[in-house]
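Structure, as structure tokens:
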């Protein structure tokens, strides 16, 4: 089993991937929802970090200096991904931003590894919709010696349209000029889970597959 397939099973086992009817921030009613807040124990978050680390290595090798996570959800992600890399003998730094700058002692807008203009970071986050949080992070980093963000890794590419008919991730990547990769795509999730039993239960049957495909017919954008 590939690490992508393991990750999909992990999403299901942690109840982080749900099927049903969910109103998204965009107002769309989606038949699936990703909730990375369900990685709520030490074991789960540690394992989650291994998948981010695998994706980082697959797409960027080791040619970077540290992992950056936007507050708040990105904080445990950058730490656990850096720890997972260290377990594989790749010792990289981690850094995350403060939501509010301190007015005493260390007044830096970020916490973690020292940053310079030569620092190369990989940004990790749960999902991306509009890219607002990413843009805010880039603005914060500009005030912290302006390190380079070489790439972005998220958990799932929903493969949906953004503000145009283009894939939302591709829109953000083009706007920022930064490549974005997901551990898995919704297409990979559908292909792997369709009629597959996990813990004795089929979580994506023919009916649910049809609902997802109908939704993607309207809102989907593969590239």
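The values are calculated or read from the model by the stated rules, or taken from the named source; none is laboratory data. Note that the coordinates shown come from a computational prediction; the quantities given were computed from them, not determined experimentally. Cβ atoms come from the backbone with ideal geometry, glycine included; neighbour counts cover every protein chain shown.
Below, the figures for the structure above:
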read-out	value
Tally of residues being out of contact with any strand residue (DSSP E or B) (no Cβ under 7 Å at 6 or more places or on another chain) and either within 18 Å of residue 4 (Cβ to Cβ) or assigned to a helix (DSSP H, G or I) (or both) across the range 197-212	4
Search result, residues across the range 64-82 that are in a loop (DSSP other than H, G, I, E, B) and at pLDDT 95 or above	64, 65
Number of the exception - residue 112 against (1) under 27 Å from residue 161 (Cα atoms); (2) buried (at least 16 other Cβ atoms within 10 Å of the Cβ)	(1)
Residue match in the range 4-18 (condition: closer than 20 Å to residue 209 by Cβ and part of a strand (DSSP E or B))	yes
Residue count for the range 29-55, restricted to those that are in a loop (DSSP other than H, G, I, E, B) and touching a strand residue (DSSP E or B) at 6+ places or on another chain (Cβ under 8 Å)	1
Verdict on residue 195 being on the phi > 0 side of the Ramachandran plot, exposed (fewer than 14 other Cβ atoms within 10 Å of the Cβ) and at pLDDT 95 or above	yes
Whichever residue in the range 152-176 is over 27 Å from residue 76 (Cβ atoms) and without any contact (Cβ under 8 Å) to a residue 40 or more places away in the chain and, among such residues, is nearest to the chain's Cα centre (by Cα)	174
When residues of the range 83-102 are limited to those that are under 18 Å from residue 132 (Cβ atoms) and either in contact with a strand residue (DSSP E or B) (Cβ under 7 Å, 6 or more places away or on another chain) or surrounded by 14 or more Cβ atoms within 10 Å (Cβ to Cβ) (or both), the one modelled with the highest pLDDT	96
All positions within the range 198-216 that are at pLDDT below 95 and loosely packed, with under 12 Cβ neighbours inside 10 Å	199, 200, 201
Counted residues, the range 15-37 - those being buried (at least 19 other Cβ atoms within 10 Å of the Cβ) and within 17 Å of the chain's Cα centre (by Cα)	5
